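What follows draws every value from the coordinates through simple rules; no lab data is involved. Small disclaimer: the values here were computed from a predicted structure and weren't measured. Here the Cβ positions follow ideal geometry from the backbone for every residue, glycine too, while neighbour counts run over all protein chains shown.
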Amino acid sequence: MSFDVTFPLVVLAAYGLCNLLLSAAVVLAWRAGLRRHLTEADALLGVRLLPATGSATLVLTVVLPAFLLYEPPGAHDHPGPLLVASALFALLVLGDGARRGLRAWRDTRALVRGSPPLHTRQAAGGAEVTVINVEEPLVGVVGSWRQRIVAAGCVAAACDDEEFRQVLAHEAAHLDARDNLKLLMLLTMPDALAWLPTGRALTERWRAATELEADERASGADPRKRVALASALIKVARMSIASGRPRGTAKAVRPSAPLAGLEQRVRRLLAPSPVIRRNFRGRRVLTCALLVPLLAVPLYASVHRLIEALVAFGR
């Protein structure tokens, strides 16, 4: 088989194998107790994105240059079954990630287009809020690149001015943190972790952590704001139960008062304002990740031998 055919097969197979191994490593670490140490949204996001981002980094900075440097352009190899199976697995996870992203986009688009706007108003930080006519008591941020806040008219009517202002401040905190873009990344990550309970648990933990952090950014240490937000959460939760409709029907929309985790959020708001500790050293992790390509340069020849073994395995 020619170089032009072998090359994409090797890239896809390397991504598939790295993805599978990193996904397995995350699952094992999670079951070994990692879940007890991950409480911050950034840390949970980093671990959840590790299989896809780590695989892409290894392929682009280690496997790809090693193959291009040491593989003769005129070489003709006959790929073995392991190479083909790994490449097909990579195509499967990439396609499934694209499918989930398209479904989230279509759900959001259907919600927005199917909900007539009643009026617009300004939220905290100058964000624009569109009040829509839907029966479900929904308040959330829609969109990933062009984000905006939508709120059901029934929620605006049920909350007093201060409560609704704090609900909108909570959503504005999500908007400032680009949480919807991060959520889209989580939904579309092309990895095996998306099919496993650990992947779903990480995503739900991340969503719960972002809600707590948005509550803190919206209300701060002001007791009046904290009580108003807690009161609004309880009102919206009661309306959700009364409507008989589960929250979050559109997966790309972030509801303001999901029933899951409601008690924890209300208790935390009514307690003295906690200090959010950010122990996740994102810059240090990024620095270590950038060192991987440099440290791998002397190993390119060994990496190429591993690639040849992968190509020939089972042949």
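Under a 5 Å amide H to amide H cut-off, with H placed in plane at 1.01 Å, what residues pair with Val134 once short-range neighbours are removed?
Those lying under 5 Å, H to H, from Val134 are Gly153, Cys154.
Arrange the following residues from fewest to most other Cβ atoms within 10 Å of their Cβ: Met189, Met239.
Sorted ascending by nearby Cβ count, the order is Met239, Met189.
How far is it, in nm, from the label point at Leu270 to the one at Asp222 when both lie 7 Å from their Cα along the line to the Cβ?
It works out to 2.1 nm between the two label points.
Can you grab the distance from the C-alpha centre of region 67-111 to the C-alpha centre of region 1-42, Å, no decimals?
Computed from Cα coordinates, the inter-centre distance equals 13 Å.
log₁₀ I(q)/I(0) of region 4-65 at q = 0.21, 0.23, 0.28 Å⁻¹, via Debye over equal Cα point scatterers, no solvent, to two decimals?
-0.81, -0.90, -1.11
What is the local net charge at Leu92, summed over the other residues whose Cβ is closer than 14 Å to its Cβ (Lys, Arg +1; Asp, Glu -1)?
The answer is 0.
Once you list every other residue whose beta carbon is under 14 Å from the beta carbon of Asn19, what net charge do they have if Lys and Arg are +1 and Asp and Glu are -1?
-1
Can you give the net charge of the other residues whose Cβ lies under 11 Å from the Cβ of Ala194, counting K and R as +1 and D and E as -1?
With Lys, Arg at +1 and Asp, Glu at -1, the net is +2.
May I ask you to compute the full-extension gain from Arg238 to Arg36, defined as 0.36 nm times their residue separation minus their alpha-carbon distance, rounded to one decimal in nm?
Result: 69.6 nm gained on full extension.
Taking 0.36 nm per intervening residue step and subtracting the Cα-Cα distance, what contour gain separates Leu306 from Asp176 on full extension?
Computed gain between Leu306 and Asp176 is 42.3 nm.
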